[in-house]
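Here is the structure we will look at.
What follows draws every value from the coordinates through simple rules; no lab data is involved. Model, not experiment: these values are computed from the prediction. Note that each Cβ is placed from the backbone with ideal geometry, even for glycine, and that neighbours are counted across all protein chains shown.
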Amino acid sequence: MSHHIVEVNQLRHVYPDGTMALRDVSFRIHHGESVAIIGANGAGKSTLLLHLNGYLTATAGTIRIGDHQLSRETLAEIRRTVGTVFQDPDDQLFMPTVFDDVAFGPLNQGLDVATVERRVADALERVGALELRNKPPYHLSGGEKKRVAVATVLSMLPEILVLDEPTAGLDPRARRQLLALLRDFHHTRIVTSHDLDMVLELCERTIVLHEGTVMADGPTLEIFGNDALLAACHLEKPFAMQGCPVCSPGRQHPLPLPQRPLVAPHGDGLHDHDHHHDH
């Protein structure tokens, strides 16, 4: 078995207050897949991600990363394979400088100084943040922090990249930069997000969680085309699939034409949001 496969089997998690956050969750993700895990607030998305490299311990069930079942004995090996980017970059950045933060993981892997410095430079260059290497993290903007947080994971050369709400709090430019970066990561990606347009753009497969249970698992376009499923799980279609309110044939009253509408009126609906209307 490839050591890049992620296999979750009957995973259950009950918090100390008795809340059951995950109910017998099972799925398998193969090397190179880009998979979104979506759901309304409280569906269990973040809880699930925190199990994939042992930040949380399951109440029941198992997780395998390739040939290794997640356990105390295999935790170090699995964390070398699975790199997690938290929703809040402040949870990931705690050293005096950006360089120190990005170097922290490789240093803890026991690598020599020259290798660590090369890893840091490569990771910062990949996220477009090489010029930030000597800055204190608390001086960075939200978008810069997010990119540096990704660099702290990339410096460890993970084969599986796990991201919790990667575009949360980013302005449009920072969001575009992050999406471009994630497209260039050609290993396995597992992403949770409320940004369903990002999911549509980045992930060919989507797993829907609702109240801790897997409600659906399939091609992203099929998931977003299932109105009954989305309604039952308190989700809406991505903006790119909702159609244009300005051009809607049922519109009875003229609306002011925005200069940069969210969705262009032509094609199959899955197009760039920056297109202009052709009226």
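With θ taken as phi - 60° and the Karplus curve 6.51 cos²θ - 1.76 cosθ + 1.60 applied, the whole-hertz 3J(HN,Hα) list for segment 225-235 is x, 9, 4, 5, 4, 4, 5, 5, 9, 6, 10 Hz, x standing for glycine and proline.
Grab the other residues whose beta carbon is less than 12 angstrom from that of Asn9, score K and R as +1, D and E as -1, and report the net. Result for the local shell: +1. Put simply, the amide H of Leu111, placed in the peptide plane, has no neighbours under 5 Å, leaving out anything fewer than 5 places away on its chain.
Mind giving me the FRET efficiency for Leu221 and Tyr138? R0 is 51 Å, r the Cβ-Cβ distance, nearest 0.05 is fine. About 0.80, to the nearest 0.05. Relative to the longest principal axis of the chain, what angle (0 to 90°, nearest 10) does the C-alpha long axis of helix 113-126 take? Between the helix axis and the principal axis of the chain, the angle is about 0 degrees.
Per residue, the convex hull spanned by the alpha carbons of segment 6-238 comes to 122 Å³. Between Thr213 and Arg23, the built amide H atoms are under 5 Å apart, and every one of these is 5 or more places off in sequence or on another chain. Working note: Karplus 6.51/-1.76/1.60 with θ = phi - 60° gives segment 52-66 the couplings 5, 9, x, 5, 10, 9, 5, 6, 7, x, 9, 10, 10, 10, x Hz, where Gly and Pro are set to x.
Here the Gaussian network model covers the chain, with springs between Cα atoms less than 10 Å apart; of Gly243, Gly83, Gly39, Gly243 fluctuates the most. Fully extending the segment from Ala40 to Thr62 would add 5.5 nm, taking 0.36 nm per residue of separation and subtracting the current Cα-Cα distance. Extension gain, His194-Asp88: 0.36 nm per intervening residue step, less the Cα-Cα distance, totals 36.7 nm.
In this structure, the amide hydrogen of Gln87, modeled 1.01 Å from its nitrogen in the peptide plane, lies closer than 5 angstrom to those of Asp164, counting only residues at least 5 positions away or on a different chain. Model label points for Ala114 and Glu211, set 7 angstrom from Cα along the Cα-to-Cβ axis, are 6.0 nm apart. The Cβ shell under 14 Å around Arg205 holds other residues with a net charge of -3, Lys and Arg each +1, Asp and Glu each -1. 3J(HN,Hα) along segment 93-105, derived from phi through the Karplus expression 6.51 cos²θ - 1.76 cosθ + 1.60 where θ = phi - 60°, amounts to 10, 9, 9, x, 9, 4, 4, 4, 5, 6, 7, 4, x Hz, with x in place of Gly and Pro.
Highest average first, the peptides 158-166, 100-108 ordered by how many other beta carbon atoms sit within 10 Å of their residues are 158-166, 100-108. The length gained on full extension between Asp17 and Tyr55, counted as 0.36 nm times the residue separation minus their Cα-Cα distance, comes to 11.8 nm. Label segment 139-182 by shape, choosing from rounded, prolate and oblate, from the square roots a ≥ b ≥ c of the eigenvalues of the Cα gyration tensor; if a/c is under 1.5 it is rounded, and otherwise prolate applies when a/b is larger than b/c, oblate when it is not. Prolate is the answer for segment 139-182, as a/c is 1.5 or above and a/b outweighs b/c.
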